[in-house]
1. Quick check on this structure: which one of V3, V49 is of a type in the set (V, I, T) and within 15 Å of ligand 1 (Cβ to nearest atom)?
2. Pairs under 7 Å by beta carbon, first residue in the same structural domain as A114 (by TED's automatic domain parsing) in segment 78-102, partner assigned to a loop (DSSP other than H, G, I, E, B) and charged (D, E, K, R), six or more apart or different chains?
3. Any residue in segment 127-152 that's outside the structural domain of K36 (by TED's automatic domain parsing) and polar (S, T, N, Q): show its pairings with residues that are within 11 Å of ligand 2 (Cβ to nearest atom) and part of a loop (DSSP other than H, G, I, E, B) at Cβ separation under 7 Å, as long as the two are six or more apart or on different chains.
4. Are any residues in segment 83-103 away from ligand 1 (no atom under 16 Å from the Cβ) and surrounded by 22 or more Cβ atoms within 10 Å (Cβ to Cβ), and if so, which ones?
5. Could you check G45 against (1) in contact (Cβ under 8 Å) with a residue 60 or more places away in the chain; (2) not in a loop (DSSP other than H, G, I, E, B) and say which number it fails?
6. Can we say L32 is within 17 Å of the chain's Cα centre (by Cα) and assigned by TED's automatic domain parsing to the domain that holds C133?
7. What residue, among those in segment 111-125 that are surrounded by 15 or more Cβ atoms within 10 Å (Cβ to Cβ) and out of contact with any strand residue (DSSP E or B) (no Cβ under 8 Å at 6 or more places or on another chain), is farthest from R159 (Cα to Cα)?
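The values are calculated or read from the model by the stated rules, or taken from the named source; none is laboratory data. Values in this document were obtained by computation on a predicted structure and should not be read as measured data. Cβ: placed from backbone, ideal geometry, glycine included. Neighbour counts: every protein chain shown.
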Amino acid sequence: MTVNFILNGDDIVVRTAPERRLIDILRDDFGLLAAKPGCRAGLCGACTVFLDGHLVNACLVPAFRLGGREVITLEGFSQTDEYTDIAHGFSQSGLDTCGFCDAGKILSAEALLARNLRPSKEEALAAFRGVRCACTDPDSLAAAVLAAADIRRRRLYGRG
Ligand code: FES
Ligand code: FES
């Protein structure tokens, strides 16, 4: 089949088997490697992307569901000011990770901050429920996203 969709702001056309998964299209056809094939079963979050603004596991999205939709990967998101807020928050809080599930961690952080710029610790912890990060503990992740929220508030409103 031929499928048209928007990928990181570009209109694209792909010829593919309808059941082929988005993660394979991203990695094999476009060299977008930030979404990682961890479990390929919707369990680890390492393959997270935004699909029409919602977090999804790219390992679960077949090509036939992509028509007319908008996909943003970590590579696309990393071009934004919002990404910079999160990267600085993570680094400021001393988060030191292997990077394997950065797509899940960073896009999950953005999904939270896009709707709540003053999250509680519990809300921060809940934001990462879909990500099984083997090298970060939940409390450190929550602290990192709270630091990113503070940076975002200062950028947008000039105060924390
Ligand atoms: S590879 Fe998709 S959720 Fe684990
Ligand atoms: S960054 Fe999540 S497994 Fe290492």
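1. Details: V3 fails: within 15 Å of ligand 1 (Cβ to nearest atom).
When all the criteria are applied, what remains is V49.
2. Listed by first residue and then by second, the contacts come to F100/K36; C101/K36.
3. Final answer for the pair search is T136/L95; T136/T97; S140/L95.
4. Matches in segment 83-103: D85, I86, G89, F90.
5. (2)
6. Numbers: within 17 Å of the chain's Cα centre (by Cα): yes; assigned by TED's automatic domain parsing to the domain that holds C133: no.
No; evaluated as a whole, the condition is false for this residue.
7. Initial filter on segment 111-125 (surrounded by 15 or more Cβ atoms within 10 Å (Cβ to Cβ)): 111-113, 119, 123-125.
With the extra rule that they be out of contact with any strand residue (DSSP E or B) (no Cβ under 8 Å at 6 or more places or on another chain), the set shrinks to 112-113, 119, 123-125.
On the way: L112: 19, L113: 16, P119: 16, E123: 21, A124: 20, L125: 24 Å.
Checked segment 111-125; the qualifying residue farthest from R159 (Cα to Cα) is L125.
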